[in-house]
Amino acid sequence: MPKLLPITSSIILIALAGCSKPRDAEVAPAEASATPQPAFRQIDACSLVTSAEIESVQGEAVTGTTPSSGVLSGFPSTQCVFITVTPVNSVSLVITQTGAKADRSVRDFWKETFHRGEAPEKEAGEKKGGEEEEEKKSPPQQVSELGDEAFWMGTQISTALYVLRGDSYIRISLGGAGDHAAKLEKSRKLAEFALKRL
């Protein structure tokens, strides 16, 4: 046993010497980072309104939710479909956010979408022949005192309320009977609930 101690000690010293860095090796200084970017937190659309809030607006209980996520116009988005007892009365809520590594912001997209101006009259006049075949889309209607800015869009088939808040926007679309004014009022109530959680 006494003879093994010097041999074992020698092996350990050789192993430790092989693991250490040479004394003349340069150590690169740690790069000073700029202001750290806050971590991107994708918001779950299903967390923005409750089943009770949907029921208070639609008059029917929510039987389930269908969440999904993806990319919408280059921005991270989540969607939640709140399924009601009568499926045609279900509600869809989408939140679209500026991502951590985005080349442009949701606000830029918003300006391009809602503030692009009207088409020149010449271009609009060229499409007269096909107007009867295509459903006529009305221009977005601005909705006051909701979020940073809000617009209502509707056709005979579907309607949606878009609400900008900070670097994200929500889109609320609900089914069921009712004219545009009634659907706008219901959508507005749901948007107010959602904005409290943004």
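The values are calculated or read from the model by the stated rules, or taken from the named source; none is laboratory data. For clarity, every value in this text was computed on a predicted model and none was experimentally measured. Heads up, the Cβs are rebuilt from the backbone with ideal geometry, glycines too, and the neighbour counts pull from every protein chain shown.
Which condition does Val163 not pass, out of (1) modelled with pLDDT of 95 or more; (2) of a type in the set (Val, Ile, Thr); (3) more than 24 Å from Glu192 (Cβ to Cβ), if it passes all the others? Result: Val163 passes all but (3).
The set of residues in region 136-147 being closer than 19 Å to Val57 by Cβ and in contact with a strand residue (DSSP E or B) (Cβ under 8 Å, 6 or more places away or on another chain) consists of Val143, Leu146, Gly147. Total residues in region 32-49 satisfying the condition of being at pLDDT below 65 and among the β-branched types (Val, Ile, Thr): the figure is 1. Per the listing Ser77, Ser69, Ser56, the residue uniquely crowded, with 20+ Cβ neighbours inside 10 Å and at pLDDT 95 or above is Ser77.
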